[in-house]
Every structure is written in C-alpha cells, then in structure tokens.
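The values are calculated or read from the model by the stated rules, or taken from the named source; none is laboratory data. These numbers were taken from a predicted model, which means no experiment stands behind them. Here the Cβ is made from the backbone with ideal geometry for all residues, glycine too, and neighbour counts use every protein chain on show.
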Amino acid sequence: MTRKTLSLIAAAGSAAMLLGAFAFQYIGGLAPCHLCLLQRWPHAAAILIGLLALVFPGAALPLLGALAALTTAGIGAYHTGVERGWWEGPTTCTSSSVGGLSSDQLFDQIMNAPMIRCDEVAWSMMGLSMASWNMIASLVLAAIWIAAARRA
C-alpha cells in the first residue's frame, strides 16, 4: 500500500472512532466524562493530519498522525487505570462556566447537572470499557501511521 492509502486508512479509523463516540453520546445517551472528551481531540487532529497527508508528501505528517494516535492511546490507558482503580483520576471530571451566574442560578446548575464520573465505566464489551477499546484501536492506528511514514 502507498503512504497516501495508509494515511487515509488511519485517518478514516480516527473518524470512525470519533463518530462512534458521538453515536454513544447522542444516540445512546451516554454523556462523556472529562477524560472521554480529552480522548476525542487527538482523533480530530489525526483526521486533519490525514487530509493534509493526502496533499503533502513526506513522512512528517504520518509521524504526526502516529503521535496523535499514541496521545489518545495514552489518555485511554490513563482513563482505564482510573476506571479500574489503579490510580486516582482528576479531581473534577466536568466543570461548567460560572461567570455571570447568581448564587441561585449556580445552585440550580449544580443540582441539575448529570453526575458524570471518570472512574465509573458507562459501557463495556468483553470486559473492556470504551476507554480501553479506544486505547487498543488507537495503538493499531498508530501502527498504520508508522507504516505510512516508512513508505516511500
């Protein structure tokens, strides 16, 4: 396969991961926690990098794609550890802007906000959470990006 083809496959993989996350959120009703949201950004970057790699030759962009995939895999590994209680997660999983709110409005916002915790698994398949599956898939995508970088 050519560098462009592999870059396109890797970028499409990130697009599929991102679309899957949005489907779980908007169709499945599973609100993402803070760490879930952080895992999405490197996939978005990988999609953009993949599009650029179709236009600009060289190994630099596929290497950046690999870095994006490894970044989301790393966040997924960290998130998995938080879910499994191997280490403590962030002190806050979500936050809202409170600028300009009265104390009554702020209280209402807090009381009506859904409880989304980074240390609770919202969905799993074969004993692995979405964060774990993201990590595994992202490692595969990183390997594809690296293969693309190695092509002439």
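For this structure, a couple of remarks:
- Residues that are touching a residue at least 24 places away in the same chain (Cβ under 8 Å) and farther than 19 Å from residue 136 by Cβ were ranked within segment 7-29; the one that is surrounded by the fewest Cβ atoms within 10 Å (Cβ to Cβ) is 28.
- Qualifying positions in segment 30-66 - part of a helix (DSSP H, G or I), surrounded by fewer than 19 Cβ atoms within 10 Å (Cβ to Cβ) and in contact with a Lys or Arg (Cβ under 9 Å, 6 or more places away or on another chain): 54
- Residue within segment 97-106 that is at pLDDT below 65, surrounded by fewer than 10 Cβ atoms within 10 Å (Cβ to Cβ) and either of a type in the set (Gly, Ala, Ser) or closer than 19 Å to residue 41 by Cα (or both) present: yes
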